[in-house]
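K.L.:
Encoded as structure tokens, here's the structure I'll be asking about.
The values are calculated or read from the model by the stated rules, or taken from the named source; none is laboratory data. Being a predicted model, the structure only gives us computed values, none of them experimental. Positions of Cβ are backbone-derived with ideal geometry, glycine not excepted, and every protein chain shown enters the neighbour counts.
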Amino acid sequence: MIFDSMHEAETWADSICNEIYASVFDGYMTFDYKVAYALAFLLAEVKEFHVRTEKIFSENKFVYKVWVIRTSR
């Protein structure tokens, strides 16, 4: 899903953060750079997370990956 505005992407990213905070997921992949951007900054606010990002060219388009490595609880 690719959003038209940064506000929509940030709202979506915020909902993904809840799943990552709860350890349901440790990362997310998207075709929308706005979601990856928002997700990386939202997760970076948590001092126990080391946020990692990667941009991959696959199937003639870019895929953006954002994931966290937990330092402690």
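K.L.:
Please return the ranges of strands (runs of 3 or more DSSP E) entirely within the chain where 2 or more residues are aliphatic (A, V, I, L, M) and in contact (Cβ under 8 Å) with a residue 12 or more places away in the chain.
P.N.:
Correct list: 61-70.
K.L.:
What number of residues within the stretch 15-73 satisfy the criterion of being farther than 16 Å from Phe3 by Cβ, of a type in the set (Lys, Arg) and either modelled with pLDDT under 95 or surrounded by 12 or more Cβ atoms within 10 Å (Cβ to Cβ) (or both)?
P.N.:
Number of matching residues: 5.
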